[in-house]
Amino acid sequence: MFWFFLSYLSPIVAWLMVMLLVVRPARLRCRTQVVLGVLLAALVVKRLWFWVFGGHPVYPDIPEFVCHFCGWGYIFGVLLAALSLFPPYRWWRARAAVFTCIAVLLASWGTFESLRLPAVNQHEIIVEGLPPTFDGMRIAHVSDVHCSPSARLSYVRGIVDLVNALKPDLVCMTGDFVDGTPEMRAADMAPLADLRAKWGVLGCSGNHEFYSGYDRWRPIFQRLGICMLDNACVVITNGEDRLVVGGIVDPVGVNKFMDESRHWPEPDVQAAFAAAPPSTCRILLAHRPTDLPEHAAAGVKLQLSGHTHGGVLWPAYPMASMLNDWHVNGLYREDGIVLYVTAGAGQWIGFPVRLGIPTEIALLTLRAPKR
């Protein structure tokens with residue numbers, strides 16, 4: 001319901017709010033109000049233009065700059081509607097002009113932030129039970145790339161170059177790789193085959209893979225060299241020590257309508273580590289930063305997640321927190337488990353804005369506890 005409102009009802013609500021709280025009180029001529037109303041409606045109905053000119057309301061086949069402009073217009077309308085809630089005062093026309101300028105600036109900044117390549121944020125994490133030979137292991141954590149009409153081949157190539165420059169021991173990708181079908185986006189995803197790490201590239205599914213058919217995307221990911229962990233694990237050996245990395249299926253996969261070709265199992269952390277040797281340190285890749293007590297009970301010491309985009313913009317942080325078990329961005333320690341939630345390396349085309357929460361690639365250095 002929340003995402004239905006955000007995607008389909010919010011443009012209508014935003015348009016009504018701006019017309020009632022900004023345009024009409026400014027006491028402009030009737031013709032001027034009609035023209036402004038039509039222009040604003042044209043800006044906020046992003047998904048209508050995607051469908052009309054691109055063939056799909058979520059991942060249209062349209063030029064990149066058109067996609068960016070449509071996203072900017074939608075964000076401008078939403079921000080102007082939010083600003084209109086501020087208490088009114090006497091100078092209605094000045095108020096409308098000031099709010100419009102602020103909305104233009106914020107929409108432009110937020111759109112730029114959502115499109116630029118991510119920054120690299122480095123963290124050291126103490127992991128209980130980490131074997132001494134893995135002390136100093138460097139994991140490049142990449143999530144929510146959202147390869148789409150607004151983030152195509154050059155963007156994916158930029159992320160790969162950033163990751164390879166870090167020379168990580170392991171690359172972990174925690175879902176939402178792509179928005180679109182393999183026919184539309186497979187060529188744009190090709191640079192992922194160039195990711196390099198000592199122990200390879202591991203991944204788990206996100207909800208967006210299922211929207212366009214995870215059954216078809218999964219073998220493509222595998223051919224690109226990404227070992228997809230669907231309720232499964234791999235064992236990494238370093239000398240006589242071992243480390244287990246498991247992954248779970250995103251729960252959206254159990255909804256048959258998301259992927260007609262197969263009904264995927266529910267996420268099962270116990271099944272994910274069924275083949276793990278006993279008494280080994282366990283790392284879990286899970287797209288959503290939830291269910292920590294259950295995962296801790298399965299012996300997980302470190303969980304890597306994404307999905308939240310860090311809350312996207314700071315006013316939405318409380319809502320994102322409530323929807324994700326109060327885990328939105330950064331490092332958490334609770335229930336005997338360490339969780340790192342990345343803000344994501346890209347941005348969903350449905351809400352193409354970042355305000356105060358930039359994109360990131362996380363470089364995590366694992367440390368064994370000092371005895």
Quick check: anything in segment 66-85 more than 24 Å from Leu313 (Cα to Cα) and at pLDDT below 90? no
Check off (1) among the aromatic types (Phe, Trp, Tyr); (2) surrounded by fewer than 16 Cβ atoms within 10 Å (Cβ to Cβ); (3) outside the structural domain of Leu36 (by TED's automatic domain parsing) for Trp109 and give me the number that stays unchecked. (3)
Return the residues of segment 43-57 that are surrounded by fewer than 19 Cβ atoms within 10 Å (Cβ to Cβ) and within 22 Å of the chain's Cα centre (by Cα); say none if nothing qualifies. His56, Pro57
Any residue at all in segment 277-284 that is of a type outside the set (S, T, N, Q), more than 27 Å from Asn329 (Cβ to Cβ) and over 24 Å from the mean Cα position of the chain (by Cα)? yes
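Is it the case that Phe65 is part of a helix (DSSP H, G or I) and free of Cβ contacts under 8 Å to residues at least 12 places away in the same chain?
Taking the combined requirement at face value, the residue satisfies it.
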Quick one: is Val142 within 26 Å of Asp250 (Cβ to Cβ), in contact (Cβ under 8 Å) with a residue 24 or more places away in the chain and touching a helix residue (DSSP H, G or I) at 6+ places or on another chain (Cβ under 7 Å)? yes
Among the residues of segment 114-125, is there at least one that is β-branched (Val, Ile, Thr), part of a loop (DSSP other than H, G, I, E, B) and either touching a Leu at 6+ places or on another chain (Cβ under 7 Å) or buried (at least 24 other Cβ atoms within 10 Å of the Cβ) (or both)? no
Looking at Val328, Val312, can you tell me which residue is free of Cβ contacts under 8 Å to residues at least 40 places away in the same chain and β-branched (Val, Ile, Thr)? Val328
Being at pLDDT below 85 and either exposed (fewer than 12 other Cβ atoms within 10 Å of the Cβ) or not polar (S, T, N, Q) (or both) is true for just one of Leu16, Leu9, Leu40, Leu20. Which residue is that? Leu9
Among the residues of segment 217-238, is there at least one that is part of a strand (DSSP E or B), of a type in the set (D, E, K, R) and in contact with a Cys (Cβ under 9 Å, 6 or more places away or on another chain)? no
Qualifying positions in segment 17-52 - farther than 28 Å from Ser148 by Cβ and not in a helix (DSSP H, G or I): Arg27, Leu28, Arg29
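The values are calculated or read from the model by the stated rules, or taken from the named source; none is laboratory data. This structure is a prediction, so every number in the text was calculated from the model and none was measured. FYI the Cβ positions are ideal-geometry reconstructions off the backbone, even for glycines, and counts take in every protein chain you see.
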